[in-house]
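Quick notes on the structure that follows.
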Amino acid sequence: MSEAIPTRVGLLGWPVGHSRSPAMHNAAFQALGLNWEYLLLPVAPEYVADAVRGLRAFGFAGANVTVPHKQAVMAGLDEVTVEARAIGAVNTIVNREGWLVGHNTDALGFLRALREAGVEPRGCRAVVLGAGGAARAVVYALLAARAQVTIANRTVGTARRLGNEFGALFGARVLVLPLTMDLARVLVAADLLVNTTSVGMARPGDPRPGADPLPAGLALRAGIAVNDLVYAPLETALLCRARAAGAQTVDGLGMLVHQGAAAFELWTGQKAPVETMRAAAGGGSET
Ligand code: NAP
């Protein structure tokens, strides 16, 4: 007698081989005794629409979506949540009997990780480094939680567009700065610094291994919490610098785990085994 076919979910991206999500989700399915499996689904950009239709055709319960497809998948979905639409990215698809709904769990994952570390975003003065895809989820989450937000980015125009867009959405004033020593005057009064740039992320042949996104002479005060979204490596140059300054540090694993846990809960309707997922994700081999 053959075993029942597992319920399948997967990761749409290009490339996807580096991902920690299969280990994290498969460990969670196993811990809850679910006959589910999480597959890598590498899809070249020209086939994204076919791949989304394929989720229906193959009866997948859903999928995660990563770079570079987080925007492109939207066109093929039946529904996109207000939050994912505002952030401009879908990282989780749920298949409800052929009706595909796009969600963004990055914003929720970021907030859960922050609160888990004892940092309350409501009313805090936050400085976000970067204005790319991850920054959109983080700035959205912080403004939704009623933090005061400053965005600093290498390309100031991108930060300005993001600040204007989300400032208007939340009726908030978002300060925008270049990623220079100008930051000193806001950091001195900030409660939270979040690095959403890819600086510090290890890449094969990296020309600046162990780089830090902050200007060299800029001092961090002891009372600030520093959250680096980079999770490969977990111990980044920015977090080392923050710790040396006496600041609280929060690494990128918490957001990775909590965005996954939120997706798991959307797919299965069950509470995610967060600690199992953290152990499986932390043991990944990405460099
Ligand atoms: P992205 O859309 O490509 O944005 C990259 C950002 O980094 C931009 O603001 C870019 O500035 C800035 N940047 C790149 N190189 C720089 C440099 N040399 N100096 C200064 N700024 C630089 O990437 P993303 O999707 O937002 O991802 C960013 C990072 O967040 C990645 O390391 C990713 O792994 C991490 N992340 C982690 C999680 C998690 O769960 N922990 C979730 C999402 C993302 P410009 O605008 O000037 O180009």
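The values are calculated or read from the model by the stated rules, or taken from the named source; none is laboratory data. Not measured: the values here are computed from a predicted model. All Cβ positions, glycine included, derive from the backbone under ideal geometry; neighbour counts span all protein chains shown.
Just checking, which of LEU266, LEU256, LEU193 is in a helix (DSSP H, G or I) and crowded, with 21+ Cβ neighbours inside 10 Å?
LEU256
Please go through the stretch 162-181 and give me each residue that is out of contact with any helix residue (DSSP H, G or I) (no Cβ under 9 Å at 6 or more places or on another chain) and part of a helix (DSSP H, G or I), ordered by number.
Correct list: ASN164, ALA168, MET181.
With the checklist (1) outside any helix (DSSP H, G or I); (2) more than 15 Å from ALA190 (Cα to Cα); (3) within 16 Å of the chain's Cα centre (by Cα) in hand, flag the one item VAL128 doesn't pass.
It is condition (2) that VAL128 fails.
So which of LEU143, LEU175 ends up being surrounded by fewer than 23 Cβ atoms within 10 Å (Cβ to Cβ) and under 17 Å from GLU83 (Cβ atoms)?
LEU143
(1) within 22 Å of LEU239 (Cα to Cα); (2) within 14 Å of the ligand (Cβ to nearest atom); (3) hydrophobic (A, V, I, L, M, F, W, C); (4) modelled with pLDDT of 95 or more: which one isn't true of ALA202, the others all being true?
For ALA202, the failing item is (4).
So, restricting to helices (runs of 4 or more DSSP H) that lie completely within the stretch 1-113, which ones have at least 3 residues that are of a type in the set (A, V, I, L, M) and under 21 Å from GLY282 (Cβ atoms)?
21-31
Please enumerate the residues belonging to the stretch 67-103 that are among the β-branched types (Val, Ile, Thr), crowded, with 18+ Cβ neighbours inside 10 Å and either under 13 Å from the mean Cα position of the chain (by Cα) or away from the ligand (no atom under 16 Å from the Cβ) (or both).
Answer for the stretch 67-103, where residues must be among the β-branched types (Val, Ile, Thr), crowded, with 18+ Cβ neighbours inside 10 Å and either under 13 Å from the mean Cα position of the chain (by Cα) or away from the ligand (no atom under 16 Å from the Cβ) (or both): VAL80, ILE87, VAL90, THR92, ILE93, VAL94, VAL101.
Would you be able to say whether some residue in the stretch 138-146 is within 30 Å of GLU37 (Cα to Cα) and in contact with a strand residue (DSSP E or B) (Cβ under 9 Å, 6 or more places away or on another chain)?
Yes.
Residue-by-condition table, conditions (1) farther than 29 Å from ASN26 by Cβ; (2) in contact with a His (Cβ under 8 Å, 6 or more places away or on another chain):
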residue: THR66; (1), (2): no, no
residue: LEU77; (1), (2): no, no
residue: THR81; (1), (2): no, yes
residue: ALA86; (1), (2): yes, no
residue: ILE93; (1), (2): no, yes
residue: TRP99; (1), (2): no, no
residue: CYS124; (1), (2): yes, no
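What residue, among those in the stretch 209-247 that are surrounded by fewer than 17 Cβ atoms within 10 Å (Cβ to Cβ) and among the basic types (Lys, Arg), is nearest to the ligand (Cβ to nearest atom)?
Selected residue: ARG243.
Sort out which residues of the stretch 104-162 are charged (D, E, K, R) and either more than 10 Å from the ligand (Cβ to nearest atom) or within 18 Å of ALA263 (Cα to Cα) (or both), and write them in order of number. Step through it out loud before you land on a result.
Start the filter on the stretch 104-162 by keeping residues that are charged (D, E, K, R), which leaves 106, 112, 115-116, 120, 122, 125, 136, 146, 154, 160-161.
The answer is ASP106, ARG112, ARG115, GLU116, GLU120, ARG122, ARG125, ARG146, ARG160, ARG161.
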